[in-house]
Amino acid sequence: QVQLVESGGGWVQPGGSLRLSCISSDTMLKFLTMAWYRQAPGEQRDLVAAINDGDHIMYTDSVKGRFTISRDDAKRTLYLQMNSLGPEDTAIYYCNTHPPRAPWGQGTEVTVSS
């Protein structure tokens, strides 16, 4: 069964940056669209960004120009570079396919506050 392990979260002040990573145990995911999702406290889990195997990329409007999704299939790793972070970005961040088909990992928590 595929396993997804997210890392790179933490506490950061507004305006700061973080780089999230997600490593997959399954090499077959390189043929699929991969995505980052986030779930803020008390909210549903939402799509943040997605990248397909041809490097076509989409972002939700609230992160355009601030977040960059990328993938390194040789390393089975998905990345999310997050810049100009604001309190509204506080959430647990998860990776998965898009649409989500793999078991969810534990996520990595991002807290943006002063």
Query raised in the report: Roughly speaking, what is the stretch gain from Gln1 to Leu47, that is 0.36 nm per residue apart minus the C-alpha to C-alpha distance, in nm to one decimal?
Result: 14.3 nm
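For the chain, what is the charge dipole size about the Cα centre, in debye to the nearest 20, if Lys and Arg each add +1 at the Cβ and Asp and Glu each add -1 at the Cβ?
It works out to roughly 160 debye.
For Thr111 and Trp11 in one chain, what is 0.36 nm times their gap in residues minus the Cα-Cα distance, to one decimal in nm?
Details: separation 100, 0.36 × 100 = 36.00 nm, distance 0.47 nm.
Extending this stretch completely gives an extra 35.5 nm.
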**Report entry** Charge sum, other residues only, whose C-beta stays under 14 Å from Gly10's C-beta, Lys/Arg counted +1 and Asp/Glu -1
**Finding:** -2
**Report entry** Stretch gain in nm, segment Asp55-Lys30, where the contour uses 0.36 nm per residue and the Cα spacing is subtracted
**Finding:** 7.9 nm
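Carbon and sulfur together cover what percent of the accessible area of the stretch 16-63 at a 1.4 Å probe radius?
On the way: 1300 of 2610 Å².
Percent of accessible area from carbon and sulfur atoms in the stretch 16-63: 50.
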Requested in this report: Compute the accessible area per residue over the chain, keeping the other protein chains in place, probe 1.4 Å, unit Å².
Outcome: 54 Å²
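What do you reckon, how do Asp61, Asp72 stack up by accessible area (1.4 Å probe), largest on top?
Order by accessible area, largest first: Asp61, Asp72.
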Report task. Find how many whole Å separate the alpha carbon centroid of the stretch 1-22 from the alpha carbon centroid of the stretch 49-114. Result -> 8 Å
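The values are calculated or read from the model by the stated rules, or taken from the named source; none is laboratory data. Keep in mind that what you see is a predicted model, and the values were worked out from it rather than measured. Every residue, glycine as well, gets a Cβ built from its backbone with ideal geometry; the counts of neighbours run over all protein chains shown. When the accessible area is computed, the model is the full protein with side chains, heavy atoms only, and any ligands, DNA or RNA have been set aside. Shrake-Rupley method; radii C 1.70, N 1.55, O 1.52, S 1.80 Å.
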